[in-house]
1. Filter the stretch 205-237 down to the residues that are in a helix (DSSP H, G or I), in contact (Cβ under 8 Å) with a residue 40 or more places away in the chain and in contact with a helix residue (DSSP H, G or I) (Cβ under 9 Å, 6 or more places away or on another chain) and list them by number.
2. Residue by residue through the stretch 142-184, note down the ones that are over 24 Å from residue 217 (Cβ atoms), over 54 Å from the mean Cα position of the chain (by Cα), in a loop (DSSP other than H, G, I, E, B) and touching a residue at least 40 places away in the same chain (Cβ under 8 Å).
3. List pairs: first in the stretch 71-87 and at positive phi and free of Cβ contacts under 8 Å to residues at least 40 places away in the same chain, second surrounded by 10 or more Cβ atoms within 10 Å (Cβ to Cβ) and not in a helix (DSSP H, G or I), Cβ under 7 Å, 6+ apart or cross-chain?
4. Filter the stretch 164-181 for residues that are modelled with pLDDT under 95, in contact with a helix residue (DSSP H, G or I) (Cβ under 9 Å, 6 or more places away or on another chain) and surrounded by fewer than 17 Cβ atoms within 10 Å (Cβ to Cβ) and give the result.
5. Residue by residue through the stretch 258-275, note down the ones that are closer than 12 Å to residue 208 by Cβ and buried (at least 20 other Cβ atoms within 10 Å of the Cβ).
């Protein structure tokens, strides 16, 4: 009975001891699991904190990047506006320059046309002048041929300023202090009248000239009077004896004030005592062209 009881007691103790060992292992295992879970939890929390920090950094970076993008967008828009404004300004300037060029081209074209018209007028004018010079030269030749029998000391024929001058000396036409034309002077005047009648478009002026010696006869008041009356005496012969139309003739007296030589010498005085018949070709065509211009 005792051994059995003892055995039972020992067995009970053994069972209790075994249970105690099993509980300790379970406890230790539970503690290990808790530590692992705590470590995992701490690791997760660290990871989460790190991720949250990264998220915050990313959010900050995103915000900064967005601000930068907006800034660049604003700059781009500003540059585009500025570029458009600049392009518009350049386009306006280019259009203005093109218009200015067109205006200048139009002005140059108008000037070229005007210049061409002026050159045509000049050519026409030169043609008229050449024809006039040809007519004057032909008239000069005709007068010279008509008066070929008279000496150089009696008369001279020259072309000056587009006119033909027939200068008749005092000794050919008049006696000293007289206004009556001599016979030989009359012959010369009739030769001139023949040329004038064949050239009806020629205008004629007759100018009387004297030297500077005052007239001493009672018939003439002074040299003005003498020069005018001598000119009218020539006109009367051209009209009455020569048959020249009187409306073509203009007599005048220049007295002593248009000398051709020095009145201080005898020869000079003789040259200044003269009557000039000035023949002018018809300039109507020339004057008409000048008036048109």
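The values are calculated or read from the model by the stated rules, or taken from the named source; none is laboratory data. Source: prediction; values computed, not measured. Please note: Cβ atoms are built from the backbone with ideal geometry, for glycine as well, and neighbour counts cover all protein chains shown.
1. Selection gives 230, 233, 234, 237.
2. 147 - this is the single residue of the stretch 142-184 that is over 24 Å from residue 217 (Cβ atoms), over 54 Å from the mean Cα position of the chain (by Cα), in a loop (DSSP other than H, G, I, E, B) and touching a residue at least 40 places away in the same chain (Cβ under 8 Å).
3. none
4. If the condition is that a residue be modelled with pLDDT under 95, in contact with a helix residue (DSSP H, G or I) (Cβ under 9 Å, 6 or more places away or on another chain) and surrounded by fewer than 17 Cβ atoms within 10 Å (Cβ to Cβ), then 171, 176, 177 are the ones that fit.
5. Scanning the stretch 258-275 gives 272, 273, 274, 275.
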